[in-house]
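The values are calculated or read from the model by the stated rules, or taken from the named source; none is laboratory data. Everything quoted here is computed from the prediction, not taken from an experiment. As a convention, Cβ positions derive from the backbone with ideal geometry for all residues, glycine included, and neighbour counts pool all protein chains shown.
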């Protein structure tokens with residue numbers, strides 16, 4: 001029956017790809033015994049309640065094998081994953097998209113597709129489990145006690161992100177992380193010998209993993225034994241290499257790149273059925289005895305869930321204060337009132353927004369005990385260490401600070417995994433220019449609607465002497481162009497506090513805090529309207545407006561200085577601070593009209609970065625004082641003068657526009 005059940009996963013996967021005339025059948029045909037063994041024998045999960053907290057997590061890092069995951073979820077009876085949904089694989093509005101999407105398909109733990117990303121998110125899930133277990137488990141009651149499984153292939157291991165996250169997972173000794181490697185020696189271009197001949201097992205041992213090998217990927221029992229051995233090792237993560245054959249069961253395709261990314265074809269689908277001894281040529285046919293088998297397995301999973309709920313009730317009775325805190329962690333609610341009114345008292349003094357941010361983080365950390373995070377080896381510069389809190393490590397699971405090391409891409413994937421796990425809020429940090437390294441995982445944050453907080457400092461050519469490699473120019477435009485991310489670039493302490501409040505109270509939007517290295521003056525006109533994304537920070541001096549100066553961050557005070565020069569010439573000029581374009585776009589039309597009247601077309605955008613993102617606000621009649629080249633190595637004051645970020649240059653640009 002086990003073999004028939006595995007074959008059912010294979011047949012449904014092949015039929016889905018054939019029906020869609022699109023997809024990847026080879027991986028499911030080879031890896032079906034792995035996913036069956038994980039879901040049927042090794043994993044705690046509940047199809048009736050996919051989000052049950054103490055379930056084991058399964059991440060399909062090789063997201064192109066999604067048909068296999070959907071077939072498995074369907075056979076186990078996950079809600080809404082009907083046979084009709086399998087027939088609509090890769091079709092518009094189906095629950096079975098081309099790659100797994102978190103929040104869209106019940107039972108999918110993470111959005112995967114970019115190879116290796118799932119491995120990073122799995123590490124984050126295992127880290128979260130370890131931290132919460134240390135926080136809440138008692139000697140007699142383990143309220144948090146589950147494993148994280150990740151399944152991927154050669155592509156996941158070739159991508160550099162896997163090295164970043166596995167290195168950290170081994171260092172941290174995440175013993176409940178089990179990575180399964182579907183080793184079929186094939187990628188799109190053919191055999192891996194031309195591009196990937198390293199000693200994978202040696203590499204994983206060097207990272208600090210227990211390494212196990214299953215030479216015959218069709219032997220489900222051996223796979224199960226390896227998983228049990230992985231569970232028995234509690235001091236280090238485990239890596240299980242399973243030798244499989246891509247396209248198993250189809251002699252014409254087995255072991256070839258042709259099996260990877262195209263439908264088998266009707267003839268080969270027939271050959272597959274014959275080689276597996278399948279009882280029907282009908283597409284999507286599953287015999288009743290196999291469905292009964294999966295139904296029986298599902299009843300077993302429900303029993304495990306019920307045991308945990310009974311355990312939780314006992315925990316509440318015996319440890320009521322801890323139970324209330326556990327519920328608060330899981331709810332993850334952050335009341336904006338913790339910021340006071342108006343969002344703390346602000347000191348009217350010049351300071352770097354990175355330093356202000358560091359004070360805010362330490363002001364709120366005790367009020368948000370489930371906040372956890374760290375920097376890519378830059379906490380002293382990013383000001384992101386939570387004072388009085390230890391660092392998470394193999395010997396200290398209670399640490400709320402995380403040493404991510406110099407691993408920006410891996411850091412962001414791990415933080416996504418922490419958020420996906422539930423029970424914790426995560427933040428990350430690095431220099432703004434290195435958001436280039438973070439971007440692929442920030443994109444997944446946005447796709448999954450995860451409220452990740454990214455503290456990105458040293459935000460412009462103001463970095464100075466480090467030179468153009470460290471001076472972000474195009475990064476603001478890059479992140480503003482990414483749907484679903486709020487980019488906050490505050491101009492002073494008040495705006496920074498507003499930005500942090502927005503970030504912490506966000507439920508489904510990642511927030512990037514772009515902060516200065518250099519001191520910025522406190523602005524007389526900053527205030528609560530900063531929460532609207534753009535507002536009038538310095539009003540015009542007349543009944544009409546000749547021009548509007550728009551800026552963010554360090555350039556806002558520059559515009560106010562230019563405004564004074566223009567007023568001396570008799571012009572009436574408004575200064576609008578734009579800390580968050582995305583929030584401003586969400587504001588009602590009447591508010592946007594009050595801030596940026598359509599009757600005033602003469603507008604100047606001022607920002608020490610690319611001007612590409614300002615077009616919607618400046619309009620076709622506007623002008624720009626922005627960066628159109630990379631920076632240079634020199635003191636910040638010299639660079640701002642050289643590149644035209646002075647009050648005289650801004651005033652001159654505005655005069656030119658007004659006098660057209």
Is one or more of the residues making up the range 122-139 touching a residue at least 12 places away in the same chain (Cβ under 8 Å), over 22 Å from residue 374 (Cβ atoms) and in contact with a helix residue (DSSP H, G or I) (Cβ under 9 Å, 6 or more places away or on another chain)?
yes
Within the range 119-133, is even one residue surrounded by 24 or more Cβ atoms within 10 Å (Cβ to Cβ) and within 28 Å of residue 290 (Cα to Cα)?
no
Does the range 372-387 hold any residues that are without any contact (Cβ under 8 Å) to a residue 60 or more places away in the chain and under 23 Å from residue 333 (Cα atoms), and which are they?
374, 385, 386, 387
Could you please give the count of residues in the range 99-108 that are buried (at least 22 other Cβ atoms within 10 Å of the Cβ) and in contact with a helix residue (DSSP H, G or I) (Cβ under 6 Å, 6 or more places away or on another chain)?
2
For residue 118, indicate whether it is in contact with a strand residue (DSSP E or B) (Cβ under 9 Å, 6 or more places away or on another chain), touching a residue at least 12 places away in the same chain (Cβ under 8 Å), outside any strand (DSSP E or B) and assigned by TED's automatic domain parsing to the domain that holds residue 29.
yes
What do you reckon, is residue 263 modelled with pLDDT of 95 or more, within 28 Å of residue 85 (Cβ to Cβ) and under 33 Å from the mean Cα position of the chain (by Cα)?
yes
Determine, yes or no, whether residue 41 is part of a helix (DSSP H, G or I) and either out of contact with any helix residue (DSSP H, G or I) (no Cβ under 8 Å at 6 or more places or on another chain) or at pLDDT below 95 (or both).
no
Mind checking which residues of the range 432-445 are touching a strand residue (DSSP E or B) at 6+ places or on another chain (Cβ under 8 Å) and either buried (at least 24 other Cβ atoms within 10 Å of the Cβ) or modelled with pLDDT under 95 (or both)?
432, 438, 442
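Quick grid of which residues meet (1) under 21 Å from the mean Cα position of the chain (by Cα); (2) within 26 Å of residue 331 (Cα to Cα):
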residue	(1), (2)
7	no, no
11	no, no
24	no, no
37	no, no
42	no, no
76	no, no
79	no, yes
83	no, no
115	yes, no
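Conditions tested, residue by residue: (1) under 24 Å from residue 641 (Cβ atoms); (2) in contact with a strand residue (DSSP E or B) (Cβ under 9 Å, 6 or more places away or on another chain).
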{"site": "447", "(1), (2)": "no, no"}
{"site": "452", "(1), (2)": "no, yes"}
{"site": "459", "(1), (2)": "yes, yes"}
{"site": "472", "(1), (2)": "yes, yes"}
{"site": "489", "(1), (2)": "yes, yes"}
{"site": "498", "(1), (2)": "no, yes"}
{"site": "509", "(1), (2)": "no, yes"}
{"site": "515", "(1), (2)": "yes, yes"}
Would the range 48-69 turn up any residue that is within 21 Å of residue 290 (Cα to Cα), part of a loop (DSSP other than H, G, I, E, B) and touching a helix residue (DSSP H, G or I) at 6+ places or on another chain (Cβ under 7 Å)?
yes
Inspect the range 408-431 for any residue being out of contact with any helix residue (DSSP H, G or I) (no Cβ under 6 Å at 6 or more places or on another chain), more than 22 Å from residue 331 (Cβ to Cβ) and surrounded by fewer than 17 Cβ atoms within 10 Å (Cβ to Cβ) and give the result as yes or no.
no
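Do we have any residue at all in the range 185-193 that's farther than 30 Å from residue 322 by Cβ and out of contact with any helix residue (DSSP H, G or I) (no Cβ under 7 Å at 6 or more places or on another chain)?
If we filter the range 185-193 for residues that are farther than 30 Å from residue 322 by Cβ, which is where we start, we get 185-193.
With out of contact with any helix residue (DSSP H, G or I) (no Cβ under 7 Å at 6 or more places or on another chain) added as a condition, the list becomes 191, 193.
There is at least one residue in the range 185-193 that is farther than 30 Å from residue 322 by Cβ and out of contact with any helix residue (DSSP H, G or I) (no Cβ under 7 Å at 6 or more places or on another chain).
Can you tell me which residue within the range 554-571, out of those that are in contact with a strand residue (DSSP E or B) (Cβ under 6 Å, 6 or more places away or on another chain) and part of a helix (DSSP H, G or I), is nearest to residue 516 (Cα to Cα)? Don't jump to the end; show me each part of the working.
Taking the range 554-571 and keeping what is in contact with a strand residue (DSSP E or B) (Cβ under 6 Å, 6 or more places away or on another chain), we get 554-556, 559-560, 563, 566.
Checking the rest, the ones that are also part of a helix (DSSP H, G or I) come to 555-556, 559-560, 563, 566.
Numbers: 555: 11, 556: 12, 559: 17, 560: 18, 563: 22, 566: 27 Å.
Per the criteria, the residue is 555.
So, restricting to helices (runs of 4 or more DSSP H) that lie completely within the range 294-403, which ones have at least 3 residues that are in the same structural domain as residue 497 (by TED's automatic domain parsing)? Even if it seems obvious, please write down each step before you answer.
Working: elements: 320-331, 353-364, 379-382.
By residue number, 353-364, 379-382.
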Positions within the range 257-268 being surrounded by 20 or more Cβ atoms within 10 Å (Cβ to Cβ) and either outside the structural domain of residue 189 (by TED's automatic domain parsing) or in contact (Cβ under 8 Å) with a residue 40 or more places away in the chain (or both), in sequence order
259, 260, 264
Return the residue satisfying two criteria in turn: it lies in the range 286-311 and is touching a helix residue (DSSP H, G or I) at 6+ places or on another chain (Cβ under 8 Å) and surrounded by 13 or more Cβ atoms within 10 Å (Cβ to Cβ), and of such residues it is nearest to residue 57 (Cα to Cα).
297
Please go through the range 131-157 and give me each residue that is more than 20 Å from residue 308 (Cα to Cα) and more than 20 Å from the chain's Cα centre (by Cα), ordered by number.
153, 154
Scope the range 266-292; condition within 40 Å of the chain's Cα centre (by Cα), over 17 Å from residue 32 (Cβ atoms) and in a helix (DSSP H, G or I); matching residues
266, 292
Among the residues of the range 81-100, is any assigned by TED's automatic domain parsing to the domain that holds residue 284 and assigned to a loop (DSSP other than H, G, I, E, B)?
no
Test residue 528 against the stated conditions and say whether it is crowded, with 24+ Cβ neighbours inside 10 Å, touching a residue at least 60 places away in the same chain (Cβ under 8 Å) and either in contact with a helix residue (DSSP H, G or I) (Cβ under 7 Å, 6 or more places away or on another chain) or closer than 30 Å to residue 331 by Cβ (or both).
no
